Structure formats: C-alpha cells, structure tokens
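The values are calculated or read from the model by the stated rules, or taken from the named source; none is laboratory data. Please read these numbers as outputs of a predicted model, since none were measured by experiment. All Cβ positions, glycine included, derive from the backbone under ideal geometry; neighbour counts span all protein chains shown. Keep in mind that these areas ignore ligands, DNA and RNA; they rest on the heavy atoms of the full protein, side chains included. Shrake-Rupley method; radii C 1.70, N 1.55, O 1.52, S 1.80 Å.
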Amino acid sequence: QVQLVESGGGLVQPGGSLRLSCAASGSIFSINVMGWYRQAPGKQRELVATITSGGSTNYAGSVKGRFSISRDNAKNTVYLQMNSLEPEDTAVYYCYVERLGSITGLNINYWGKGTLVTVSS
C-alpha cells in the first residue's frame with residue numbers, strides 16, 4: 001500500500017505561483033510514474049503533469065510553459081511548481097502514483113486526498 005500526503009494548496013491571485021508537494025510512503029518500491037491530476041467544479045478529472053522515475057515528463061497543453069513537475073526519488077516526493085496561475089487553474093489537485101505490482105506484474109494506481117488550489121483576485 002502507498003500513502004500519499006499532499007501539501008501546498010491555497011489561495012493565490014492571478015499571475016501568482018504555488019508549489020505543491022506530495023510525499024509517498026509505504027510500498028514505495030517499483031514506483032514508476034508520479035504526477036498530478038486536477039478536477040474543477042463541473043468538470044472531469046484531467047491530467048496536469050506526470051514524471052517517470054527516469055525523468056521523462058508529460059504536461060497537459062493548458063499548463064505547458066507555466067507548470068513544472070519534478071521529483072526527488074530519495075525522498076519519494078513529487079513537486080508541481082505552478083507559475084502564472086490563472087482562474088481556470090482553480091481545482092482540487094490530486095497526487096498520483098503508479099507502481100508495478102510485485103505479484104501480478106500489473107500497474108497499481110494510488111491517489112492522494114487532494115489539495116484545493118484557488119486562483120482568484
């Protein structure tokens with residue numbers, strides 16, 4: 001089992017910045033992908049950014065150039081630096097971890113409880 005603890009959400013004005021953190025604990029071996037999803041009111045959950053253990057990143061088109069994802073493998077922590085925030089970025093942000101199951105050989109997904117990011121003047 002993997003436990004995810006998120007932090008860094010809050011209220012910020014348009015154009016401002018926030019940095020989200022997510023620390024993973026428990027069955028942390030074989031973690032490949034870490035990342036962030038978000039869900040705004042009335043909308044489906046969507047991918048924001050992911051990063052593999054090798055450092056390969058993937059971003060949603062709406063956040064490219066503004067957000068940056070990184071990870072510290074030694075600390076089993078993933079970060080999301082969010083710059084030039086817009087009201088449209090307002091959402092609950094969920095930490096995401098994917099690891100390989102040792103028995104089944106299948107990927108297992110884990111989700112954090114979510115942290116609210118509100119971008120408003």
Quick one: accessible surface of Glu86, probe radius 1.4 Å, all protein chains present, in square angstrom to the nearest 10.
70
Which of the lysines could a cross-linker span from Lys64 if the Cα-Cα distance has to be under 21 Å and same-chain partners fewer than 8 positions apart are dropped?
Lys43
Using a 1.4 angstrom probe with every protein chain in place, what is the largest-first accessible-area order of Asp72, Asp89?
Asp72, Asp89
Calculated over segment 48-117: convex hull of Cα atoms, volume per residue (Å³):
108
Segment 65-75 - phi-based ³J(HN,Hα) in whole Hz, Karplus 6.51/-1.76/1.60, Gly and Pro as x
x, 10, 9, 9, 9, 8, 8, 10, 5, 5, 9
Restricting to lysines and to Cα separations under 21 Å from Lys75, and discarding same-chain partners fewer than 8 apart, the set is Lys113
Net dipole in debye of the chain [+1 Lys, Arg Cβ; -1 Asp, Glu Cβ; about Cα centre; nearest 20]
100
Tell me which residues come under 5 Å, amide H to amide H, from Val48 once H is placed; ignore anything under 5 positions away on its chain.
Trp36, Tyr37, Arg38
What residues have an amide H closer than 5 Å to that of Gly16, excluding those fewer than 5 places away on the same chain, when H is modeled at 1.01 Å from N in the peptide plane?
Leu85
May I ask you to give the percent of accessible area on the chain that is carbon plus sulfur, with a probe radius of 1.4 Å?
49
Measuring with a 1.4 Å probe in the full set of protein chains, what accessible area per residue, in whole Å², belongs to the chain?
53
Return, for the Cα atoms of the chain, the radius of gyration and Dmax in Å, separated by a comma.
14.1, 50
